[in-house]
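Working notes, structure below.
The values are calculated or read from the model by the stated rules, or taken from the named source; none is laboratory data. Given the structure is predicted, the values throughout are model-derived calculations rather than measurements. Don't worry about glycine lacking a Cβ; one is built from the backbone with ideal geometry, like all the others, and counts go over all protein chains shown. Note: accessible area is taken over every heavy atom of the protein model, side chains too, but ligands, DNA and RNA are not part of it. Shrake-Rupley method; radii C 1.70, N 1.55, O 1.52, S 1.80 Å.
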Amino acid sequence: MGMDAEAHDSAAAKRERIKAISRTVHSIPVEEGGQLRPPRPAPEPLAKEERRVMRGAVALGGFGALALGFAAGLFAGRRR
């Protein structure tokens with residue numbers, strides 16, 4: 001029975017030490033390197049013209065990949 005009480009007291013003491021450290025860490029002011037970080041800068045949104053060009057380039061790339069696959073299929077079929 002004595003060993004269980006010692007283990008319980010030891011675990012409780014450990015939890016209290018962890019809580020005390022946590023309170024100390026979280027109470028550091030932000031200017032001195034506390035927990036809060038400055039927000040990340042948001043990426044600038046693309047202009048409508050850039051979006052349209054990008055969409056066209058992706059569409060052309062997809063069409064090119066399909067055409068290449070189709071041509072490869074025709075070529076492989078003729079070789080048999």
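Of note:
- Taking label points 7 Å from Cα along the Cα-to-Cβ direction, SER22 and ALA5 give a separation of 2.8 nm.
- The heavy atoms of ASP9 present about 100 square angstrom of accessible area, all protein chains included, probe 1.4 Å.
- Accessible surface of SER10 - all protein chains present, 1.4 Å probe, nearest 10 Å²: 70
- The largest accessible area among GLU44, GLU16 belongs to the first residue in GLU44, GLU16, and the rest follow in falling order (1.4 Å probe, all chains).
- In sequence order, segment 69-77 has phi-based couplings of x, 5, 5, 5, x, 5, 5, 5, x Hz under the Karplus curve 6.51 cos²θ - 1.76 cosθ + 1.60, θ = phi - 60°, and Gly or Pro positions carry x.
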